[in-house]
Amino acid sequence: MPNKSPYLPKDIEESIYHEWEQTGVFSPSDKVNTFSLMIPPPNVTGTLHMGHGFQNAIMDCLVRFKKMQGYSTLWQVGTDHAGIATEMVVERLLAKEGISKTNLGRKKFIEKVWDWKHQSGDTITQQLRRLGGSLDWENERFTCDDKYTEAVQHAFIELFDAGLIYQGYRLVNWDPKLQTSLSDLEVINEERDGKIWTIRYAIENSDTYVEVATTRPETLFGDMALAVNPEDSRYSHVIGKRAIIPTANRSVPIIEDSYVDSAFGTGVVKITPGHDFHDYEVGQRHGLHLNDSGEAMTGETSMFLPISIMDKNACLHGEIPNEFKGLERFQARKLLLEKLGSMKMLVAEKDHRINIPIGDRTNEILEPLLTKQWYVDAKTLALPAIKAVKNNEIKFVPQNWEKTYFQWMDNIQDWCISRQLWWGHRIPIWFDENENAYAGTSESHVRQKYRIDGALRQEEDVLDTWFSSSLWTFATLGWPKKTERLELFHPTSTLVTGFDIIFFWVARMIMMTIYFMKEIPFKEIFITGLIRDENGQKMSKSKGNILDPIDLIDGITLEKLIEKRTFGLMQPQLEEKIIAATRKQFPNGIDSYGTDALRFTFYSLAAPGRDINFDIGRIGGFKNFCNKLWNAMHFIDFQIEKHDFEWNLEANAFMHPLNSWMHKQIIEASQLIEDHIRNYRFDLASVTLYELVWSKYCDWYIELSKNLLTEAQKEQQKLLITGLIVNLEDIVKLAHPFMPFITEKIHRKLRAIQGKDQTVFLVNTSMPSLREPVIKDNGFINDAIQIISSIRTIRSELELDNQISLALNVPQDISNEALKDMNALKAPLARMCGVENLIQQELDQSTHAINLLISGVKYQLIFPDNFNFDKIVESLRDKKIKIVEQIDLIESKLNNQNFITKAPQDVVTNQQQKLIQLKKENQYLEESINKYS
RNA sequence: AGACCCGUAGCUCAGCUGGUUAGAGCGCUGUCUUGACAUGGCAGAGGUCGGUGGUUCAAGUCCACUCGGGUCUACCA
């Protein structure tokens, strides 16, 4: 007996990746026929989640497949510095030691971040290796490494010099906790329960009032006008008058603007341009400003100058009553409402659902705040980027995502790229004493470039992380230098990413790449769904439903899983719930499934255009699949040992009909799989492969060959074993992009049997479809399969004892060759469906037999003489009922003149032929029924 | 408010430009421990495709309306 090692993924997977990497097998092999793909750079200090696992599995499959199709492939690897996320993590770590960022100072803080990066930075890249990713490690990039930083600076300076980057004093989304601006994409609008208050404003020089509805009363100190709709007759008499801000010793003009919806609230809106994005626009239209005596006035657009009453901590300041100075915004609100109440200026307080802007990282309520920031002129950059997708230079898969893209691009706003953080690319701008800005790579560069001698001060802010990642496809390849890699691998072939970053990343990459490279970044964008839990819930820490791909690969105990899910919870009150849910879902923890099974699960779930509910139940099935493949190899081992096999018949392998039948199945499957991969239908590709391995190779090919291996002549045995080897080798090639580890292992064993060099990696071999096809028509194997299946069903229906053997009468008119083929399969027929005898003769009436229709030909299954047929008549009658139903259906179609004339000819022909078959079958059934009832 | 997606067997999902008897995995039922594999073999039960109406010779597949679930974008102070 060969040593029977069970399928244990751990044993297989551990060493193999190391060998791949050491050999440098993932670096591009050639300079022609390139296929390239950029990894969406994960956060350098992050860890792998299911989304990464899924997307990287897909990318790896694509890359390996292309490589095996003869392309010179590059899968560029790298990580992102993730400004905000990383800065927050490090701040939190420092806080535990009682150190604050500001106390530490910028330089020291950045050192700490680098320390953290060095300490945890390779966690995620190690995890990518566990997934089997065929990434080009020799050219790994990090968005903050020197070369990349050079590219970022270069890009900024070029855009600045072209006037596409400018500094502006505007409202931005301000995160008071992080003390930085955010781009509108980083804002989550959350609907919450809030209130709306109605406040009275007195009309100046009169004893009348107007009532104003607001959800943010505390901003009233920043009011610069009240506005009504010009069509609103209720208020026409106050237009042009002034209203007094209650509690503030100040009046504002009452203006008309069609922005105001008369039907909402009271129809009067307070205009606070310094704290509301809409009011900002209204203010701009009306040129609101303060005159020399500090009174709010309308004027020319150019005179617009909003006032701000909050500082960067969202505390009130400026020209406001003393008692409010320094108060935090919500405390100020409370105090103000009390005061208004006592002044009888608060008319109403009602519950109201409001949208609150939240920072996506901090969960802090954001404040629209007037600050100086750097902007990219996105409108200009967007135009060619829109065009590239419109004219199909860049294709979204599935296509409907382009709608999302257009929707955003058509309404794009200028992009605020400055962040008041320390971790990131410091903006390469220097200011002179008069606040004029100059862009350059360094102070000396600026001095030289602009011939400046006076004092220079560098901009403190850093760039939005997405600014650097928007350069990813070309900056990783060496830009701004004209490198060979850039020449060879740009534009890249495909981008695989999630819909959640179409705006953040995809759109911006397209804009920047077209601007700098004068070409598109990628030709196709495959948008994957999100991985959710088995109930369709988003996986999140606070829900406690996170799955770590590595835990699915290695397995994890219940205790450790609970520990992981509850560690560092932001809301500790959820802990009990999470523990209970985890215990319920994984009472025994999680088994070890191995990378190959996990990957295969991802593929099988990767239907396009929809999110994926990850059902842990499915991964077990695919581990079994790996086991099945593993045991096919065992079967071969076993045969080799048993039959004293020698490898010298390779050239003749397909002379055996069973071998060539299997070969044909493989070629057909590989063509299908190639199509599916081209269409990003990994789900369909995986089904095809599953079927090929399990159903075709194991259930039929191996099973059919078993008896032949025992009974056939020595030469035949050798031929069959050779075929088993050749065909399994083709299968592992086809399967390799999906299940790289197990296939590599099997491939080695197969090569060992053949006495071939075992250091050849599968990824360096070619897909079987690229081989000369050796296809002989083996229709009779398919007939045999049908015969066996039919007989098995009958045996099972009749609850036939295994001991009872049957005979099969082959039709008289069958060709000699077919009969020969049939006879060759005698042994398998006996073993697989209990048919011991094949005869070919006219049966007399006394023979106990029922008819079988196989490929339009009548076979007769012969039973022992004393057999009781009551049961079979019953089942034959059931069958007949179904057949008659179908016959009726088709006849009614064919009797319909409209069908005959309007349906395409081939559909009609098809139905006619079908009818003939069904009638034949019906006739045979009837014969059998009549005979035995 | 606009856009998009989904609703097919107990569960998770396929079903391409409308055309054979609507498929798979898991689960379930029965049966089998036979020398690749019980992480297995064999056989089987189970959906009329959310609803209504329409187009068509023909609809799970196209159209309209509708119910239910989800996502994104924009929002009325």
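Any read-out appearing in this document is the output of simple, stated calculations on the displayed coordinates, not a laboratory observation. This one's a predicted model, so the numbers in the text were calculated from it and none came from an experiment. Glycine also receives a Cβ, built like all others from the backbone with ideal geometry; neighbour counts cover every protein chain displayed.
Taken about its Cα centre, chain A carries a charge dipole of about 440 debye when Lys and Arg each add +1 at the Cβ and Asp and Glu each add -1 at the Cβ. Since only A:352, A:766, A:441 are under comparison, the one whose Cα sits farthest along the positive direction of the charge dipole of chain A, derived from C-beta charges on Lys, Arg, Asp and Glu, is A:766. Going from the residue with the fewest nearby Cβ atoms within 10 Å to the one with the most, A:481, A:584 rank A:584, A:481. Over chain A, DSSP H runs of length four or greater, each weighted -39,500 (n - 2.57), average out per residue to a 222 nm ellipticity of -14000 deg cm²/dmol. With the cut-off at 21 Å, tell me which of the pairs A:112/A:541; A:664/A:749; A:449/A:482; A:395/A:482; A:31/A:523 have Cα atoms farther apart than that. Pairs exceeding 21 Å: A:112/A:541; A:664/A:749; A:449/A:482; A:395/A:482. Taking the square roots of five times each eigenvalue of the Cα gyration tensor of the range A:523-600, the equivalent ellipsoid has semi-axes of 24, 18, 10 Å, listed largest first.
Sorted ascending by nearby beta carbons within 10 Å, beginning with the fewest, A:245, A:412, A:309 become A:412, A:245, A:309.
With the convex hull drawn over the C-alpha atoms of the range A:632-777, the volume per residue is 103 Å³.
Order of A:390-402, A:896-908 by packing, highest average Cβ count within 10 Å first?
Details: A:390-402: 15.3, A:896-908: 10.8.
Top to bottom by mean Cβ count within 10 Å: A:390-402, A:896-908.
Farthest toward the positive end of the dipole of the range A:529-642, out of A:633, A:603, A:550, is the Cα of A:603, where the dipole comes from beta carbon charges about the Cα centre. Annotation: Cα Rg of the range A:362-422 relative to the compact-globule expectation 2.2 N^0.38 Å equals 1.48.
Listed by chain and number, the aspartates and glutamates placed with their C-alpha closer than 16 angstrom to that of residue A:147 are A:80, A:138, A:484; residues fewer than eight positions away on the same chain are left out. Highest-first packing order for the peptide set A:855-867, A:490-502 is A:490-502, A:855-867, based on the mean count of other beta carbon atoms within 10 Å. By the beta-carbon count within 10 Å of each Cβ, the least crowded to most crowded order of A:509, A:517, A:303, A:633, fewest first, is A:303, A:517, A:633, A:509. The mean sequence separation of alpha-carbon pairs under 8 Å and at least six residues apart, normalised by the residue count of chain A, gives a relative contact order of 11 percent. Rounded to the nearest whole angstrom, the semi-axes of the ellipsoid equivalent to chain A, taken from the Cα gyration tensor as √(5λ), stand at 71, 35, 26, largest first.
The mean sequence distance of close C-alpha pairs (under 8 Å, at least 6 residues apart), as a share of the length of the range A:599-743, puts its relative contact order at 37 percent.
Roughly what percent of Cα-Cα pairs across the range A:268-324 reach past 19 Å? Here the long-distance tail beyond 19 Å is 32 percent of all Cα pairs in the range A:268-324. For the range A:805-932, taking the reciprocal of the average inverse distance between every pair of different Cα atoms yields a Kirkwood hydrodynamic radius of 16.7 Å. Relative contact order for the range A:24-131: 41 percent, from Cα pairs under 8 Å spaced at least 6 residues apart, divided by residue count.
In terms of the mean number of neighbouring beta-carbon atoms within 10 Å, the peptides A:376-384, A:42-50 order highest first as A:42-50, A:376-384.
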